[in-house]
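*Asks:* Quick one: the structure is below, questions incoming.
The values are calculated or read from the model by the stated rules, or taken from the named source; none is laboratory data. As the structure is a prediction and not an experimental result, all values here were calculated from the model. Virtual Cβ from ideal backbone geometry, glycine too; neighbours counted across all protein chains shown. To get the accessible areas, we keep the full protein, side chains included, count just its heavy atoms, and leave off ligands, DNA and RNA. Shrake-Rupley method; radii C 1.70, N 1.55, O 1.52, S 1.80 Å.
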Amino acid sequence: MAAEEFDQVDFQPLTASTIFSARTNLLQNRHARFPTLIGLFLTTMTTLTYEVLLTRIFSVTMWYHFAFIAVSVALFGLTVGALLVHLRPALFRAEQTSERLAQAAGLFSITIAITFVTQLTIPFNPEWTFLGVYSSMLLYLLISIPFIFSGIVVALALSRFPKQVGQLYAADLAGAGLGAIAVIWLLDLTEDGPSAVIAIAGLAAVGALAFAIGGRHVRLGQLAGITTVLLISVASANAYAAQDGDAFIRILWAKGERDSAGIHETWNAFSRIKVSEDPEPAKPFAWGLSPTYSGGDPPEELLLQIDSAAGTVLTRFDGDTSDLDYLKFDVTNVAHYLREDADVFVMGSGGGRDVLTALAFEQSSVTAVELNGDILDLANNRFGDFTGHLDQRPDVNIISGEARSHLASSDDRFDIIQISLIDTWAATAAGAFALSENALYTIEAFELFLDHLTEDGVLSVSHWYVNDQPTSSYRLTALAAAALREVGVSDPTRHLMFLRSPGEDAFFPSVGTVLVSREPFSDQDIEEMQAVAERMEFEVMLAPGTGDPTFAAIAAAADPTSVDIGGPGDMSAPTDDRPFFFQMIRYQDLFDPSLYDDATAEFLTRPVLVLFSLAIAVIGLSLALILLPILLSTTRSALQGLAPMVVFFAAIGLGFIFIEISQMQRLIIFLGHPTYSLSVVLFTLLVFGGIGSFTTQHVIKPALAPTLLIPFAALFVILLAFGLLTPSIIDQFSSSGTNTRILVAGAMLAPMGYFMGMPFPIGMKVAALRPTSPTAFFWGVNGATSVAGSVLTTAVALGWGLSMSFWVGVGSYVVAAIGLAIIIRRGRV
């Protein structure tokens, strides 16, 4: 259960007959002073900001798809912290509330800094082994420690001042809502991820100071003040040092490898960007360089890395295109031989390499779109003298934005649209991208690209070619063929060509480029490409009338999944609903023993096995540290006859998290980046869910049993409309600007969040009507299923799509409503 879900508990009905029976009179007389409200505001704000910050840190130290584990960690820690308040009443006596609030908030601050620095020293490289699962559990526990103390703060604040629950709700929701989006401002301010984390720890210490002032605890206030000054000073010094690459708190391990310092490093909500010296200055940077290239000294280059994985270069350019001749020998650029004097569109301009390619081929114009504004700032400003200020050339138009939405909003047509390895081999090798959504590798995206080509225009998409089993290249071909069929092409084989650079290593990849045209390639096009391939010693894997039989069969097949590719692999074309291009193993393939015989098979199976190991770790920890303690502290007689109530709380826990995570994943496609998606979904569901929860305090009366099911009826209508209408709404606004898309996403989520905030407090009200009801047990069940669901949602989406994850969440709420109806029918309400 996240902080926002805990906020949705209406603690007002928890009287002497329930959890806090021994302290009713004392609690009723307690009053939270204004500094206590400020302390709660700062604690929930820093909790949510730290949670979102962890997604950014995990994208660098682990891989992007582990970012959502931060949500699971936060849910787990907050649940454990709140349960400690219930299970250890001797530690949290009512008369000690203000002192415990200050102490827990202080420990929250300190453990953020300590556990984060500790985490940086531990290489993360999960394996499907006992030790791999064990290490994942240990890291999971380490990261959850600060959230445990945050959970203690929230539990104490919301349960010990019942007369001020409205004010506490307001402070809690305001802080958490601001925290969900504050990470964007914080990273822009510090320009360094580790410094931002330490700054958040310092701000959390201000919360401890506020609690100490509210409770008049001078010594604790002094300690909190010292901690605040120390942490903010460390964060400021580290951020300043990071500007010159001398940070003393920095990433040490990235993607399981030792991370080295560069000559410049900056962070934003999108990425960590590091510029370093070229490790191989004697060779030009190339993805798939022809072995026939024998040029002179290459231009000076700087290596530009994004999240320690995606790599490109900044190239010294003085305006003389003769220095760029080596670019004509790269397999990623073969489309330029087919279309001269072309208008070129580049997706992901990065350091400007594809822009330089268009200049080297003397094309008419080049338009390049880059999502990451900091990359543009580095290429055009900080290192602008080095790169030649490409943005100032009249034949170059560089745009800051998301390429797919930019095309959707444009009427321009291009002779060449180029996508050259704008994802990352480092993450692909680790299996990370199998679990990540990619808005560029879907049928809908390819349809859009084809619609923005001129009549004889060419779409060029380059990606790694794994020589022993080129499953991703097969699937890329299947995707291109499926998109061609969607735009009315009956026989895609005349519209496709595929070339690869030479490579002898069975597993380490070469590079392949697929060329796609709405019109059939002419005989002249085919002859030209074959001549280029012969001259460059590239291999033609697919061309009209020739090529590898497997590629030809995939291009020709109406159902590419029926083609025998000589090994396991999912050849279905990804869609916006199932945008996991790199997930090339079906679940049923995991039971094939031959999968585990060689390195290529391990490459395909590893991501799913890593997901399973995480699921085991998360579910195991939830059982051991949430449900088991609650069971041991709850008598068997207290649980008799309460099976429907247990089902109710388990179902709403699964329902909330399935819908929340599935919409985070879906909105990545719509909004263009995971950080936007995470912030928008958390902020909207948090605020409107809290408003819905607060509404139940005044509108829903347990004594009027039929009214308890009204919010469920409304929720089902909202969810049904959301599930049916969202695809068309997203399609309608896909061409809008980023701000508009954020507002549309929030407007879609708000009604759903409002009614999703009601079931939990309704259940708590019903449970409180029975004097011996084990309220904490139900709360623990809800928290445990929420934690487990955070991983299960991804598993369902990988196998069956984001819509299925959403409808599983809807089905969970149906089960919850049935459970509540049974309780009402039995006369328990």
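*Asks:* What's the long-distance tail for region 304-406, i.e. % of Cα pairs beyond 20 Å? All intermediate terms of the calculation are to be shown ahead of the outcome.
*Replies:* On the way: 1793 of 5253 pairs.
For region 304-406, the fraction of Cα-Cα distances above 20 Å is 34 percent.
*Asks:* For region 356-369, just list the computed ³J(HN,Hα) in residue order, Karplus coefficients 6.51, -1.76 and 1.60, θ = phi - 60°, integers in Hz, with x standing in for Gly and Pro.
*Replies:* 4, 4, 4, 5, 5, 8, 6, 6, 5, 7, 9, 10, 10, 10
*Asks:* Also, quick follow-up: Amide H to amide H, which residues 5 or more places from Phe581 or on other chains are under 5 Å from it, using H placed in the peptide plane?
*Replies:* When sequence neighbours closer than 5 places are left aside, the close amide H contacts are Asn438.
*Asks:* Also, quick follow-up: With a 1.4 Å probe and every protein chain left in place, tell me how much accessible area Phe270 has, in Å² to the nearest 10.
*Replies:* Number for this one is 30 Å².
*Asks:* Turning to a different aspect of this structure: With Cβ to Cβ distances under 12 Å as the rule, what net charge do the other residues near Ile398 carry (K, R +1; D, E -1)?
*Replies:* Values: positive: Arg393; negative: Asp354, Glu370, Asp377, Asp391, Asp395.
Local charge sum for Ile398: -4.
*Asks:* Round to the nearest 10 and report in Å² the accessible area of Glu95, as given by a 1.4 Å probe over the protein chains' heavy atoms.
*Replies:* Taking all protein chains as shown, Glu95 has close to 100 Å².
*Asks:* How would you classify region 524-584 from its alpha-carbon gyration tensor, with a ≥ b ≥ c the square roots of the eigenvalues: rounded for a/c under 1.5, else prolate if a/b is greater than b/c, otherwise oblate?
*Replies:* On the way: a/c = 2.35, a/b = 2.04, b/c = 1.15.
Cα axes put region 524-584 in the prolate bin.
*Asks:* Given H placed on each backbone N at 1.01 Å, which residues far from Ile399 in sequence or on other chains put an amide H within less than 5 Å of it?
*Replies:* Here the answer is Ala368, Val369, Glu370, since their amide H atoms fall under 5 Å of that of Ile399.
*Asks:* Within 10 Å, count the other beta carbons around each residue, average over each peptide in 782-792, 353-363, and list them highest first. The partial results should precede the final answer.
*Replies:* Details: 782-792: 26.9, 353-363: 22.4.
The peptides rank, most packed first, as 782-792, 353-363.
*Asks:* I need the calculated FRET efficiency for the pair Val646 and Glu300, taking r as the beta carbon distance and R₀ as 56 Å, to the nearest 0.05.
*Replies:* Working: r = 66 Å, r/R0 = 1.19.
Result of the calculation: an efficiency of 0.25.
*Asks:* Restricted to Cα positions, what overall size does region 230-331 have along the principal axes? Three whole-Å values, descending.
*Replies:* Computed over the Cα atoms, the extents are 58, 31, 24 Å.
*Asks:* Next question, about the same structure. So how do 747-759, 539-551 stack up, highest first, on mean other-Cβ count within 10 Å?
*Replies:* On the way: 747-759: 23.1, 539-551: 18.4.
Ranking, from highest mean packing down: 747-759, 539-551.
*Asks:* Taking the highest mean first, how do the peptides 112-124, 203-215, 511-523 order by number of other beta carbon atoms within 10 angstrom per residue?
*Replies:* 203-215, 511-523, 112-124
*Asks:* Amide H of Arg586: which non-local residues (sequence gap of 5 or more, or other chain) have their own amide H closer than 5 Å, using H built in the peptide plane?
*Replies:* For Arg586, the qualifying residues are Gly569, Asp570.
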